[in-house]
Each structure stands twice: as structure tokens, then as C-alpha cells.
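To start, the structure under review is shown below, and the notes come after it.
The values are calculated or read from the model by the stated rules, or taken from the named source; none is laboratory data. All figures in this text were calculated on a predicted structure; none of them were measured in a lab. So basically every Cβ, Gly included, is an ideal-geometry build from the backbone, and we count neighbours across all protein chains shown.
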Amino acid sequence: MFHIPSGILQDMIAHARELAPHECCGILSGKNQSVAETYRITNILANMSDGDLSRFEGAKLSDLQRLSPEERADIAFQMDAREMAMAQRDIRSKELNLIGFYHSHTFSPARPSQTDITIAMEFEGYRQKLNLPEPLHLIVSLEHTDKPDIRAYRIQDSQATEVQIQEISE
Ligand SMILES: [Zn+2]
């Protein structure tokens, strides 16, 4: 069970709505199982060339290749590496941990896509070398515009398992 202050849940929904129809993305910091802060990170997919798309596979890749760079950010995300590094420095300076990542699904349910699982497994590769805690993956779905849905997952061995989150009122 992870605890997330309601203000942070509201902020992630606001971020998703601001960026829609593009996917938003960001980082969550905190201690143990409690989220303390979020960092909004730029989704750089809108500015990526075709050559950079190689990490996406199968159906997602052919979808992405058909779209303009601007439209690609509507169905996928990639975080700006420099902003991620800055956020991680800030998290360390506050003696907090990186708890997880969040991104939005503008048109689909709050479930990890195959590409989300691929990206999570890539992160797993160097997470273990860097001895970082296992991250939580949160998805904010705007599929039902007036009723956003936020769900959290652990992603291990290419399998996503839902983790319960509890909203903490401030
Ligand atoms: Zn996704």
C-alpha cells in the first residue's frame, strides 16, 4: 500500500489535463511508502526523430512511424534525461528517495501498455546496478474525461502487478 497526498493526486491529474492530448510524465519522490513530492518532466517524444524511435516495438512502433512527431506524444512518452537527472539531484539533497514514475494515458485505461513495460524493464537494467529502490509506475487515465483514474503498478520480469494506493487528505 502506497500513501499519496490528495494534493499530489490532483496535481498529476492537472498535469495530464494541461498536456492532453499529449501524454504527460513525471517523477515521484518520498520516503518508504509515502509520496512527498512530484516533478513534472518534459515528454520529449514530440521532438524526436524517426531514428530515436527504435526502443518502441511492434505495433507501437508502426503506429508511431505513421504519426508526425507532434502526434506521437499523444500515445507515448519519453522523459527528458537532463530534467530527470536534475530531479534526482534535488531528491537526494532532500534526503528523499525516487519512489516512482507517472505518466498519462489520454485515450486509454490506466493500465501499462507493452511499451510502458519495455521502458520499465530498461530502467530495471540499470536500477539494479545503481542500487536504487524498485519504482512504482503510476498511470493517470483521462479516458473518461470527467472521471480520471489513477492506478499504480510494480513492473517486474515484464509483468505488471497492480499496487493499492491510498489517498491521504491533507
Ligand atoms: Zn503508458
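A few remarks follow.
- Identity of the residue in region 73-108, touching a residue at least 60 places away in the same chain (Cβ under 8 Å) and within 12 Å of the ligand (Cβ to nearest atom), that ends up surrounded by the most Cβ atoms within 10 Å (Cβ to Cβ): S104
- Residue identified as at pLDDT 85 or above, in contact with a Ser or Thr (Cβ under 9 Å, 6 or more places away or on another chain) and within 16 Å of the ligand (Cβ to nearest atom) among H22, H3: H22
- Just one of (1) under 12 Å from the mean Cα position of the chain (by Cα); (2) surrounded by fewer than 16 Cβ atoms within 10 Å (Cβ to Cβ); (3) of a type in the set (D, E, K, R) fails for D116. It is (2).
- Among the conditions (1) surrounded by 13 or more Cβ atoms within 10 Å (Cβ to Cβ); (2) farther than 22 Å from R111 by Cβ; (3) among the hydroxyl-bearing types (S, T, Y), S68 misses just one, which is (1).
- Test result for S113, within 11 Å of the ligand (Cβ to nearest atom) and among the polar types (S, T, N, Q): yes
- Residue check, E122 exposed (fewer than 13 other Cβ atoms within 10 Å of the Cβ), touching a helix residue (DSSP H, G or I) at 6+ places or on another chain (Cβ under 8 Å) and under 22 Å from A76 (Cβ atoms): yes
- Residue within region 145-153 that is within 14 Å of the ligand (Cβ to nearest atom), over 20 Å from A16 (Cα atoms) and under 15 Å from the mean Cα position of the chain (by Cα) present: no
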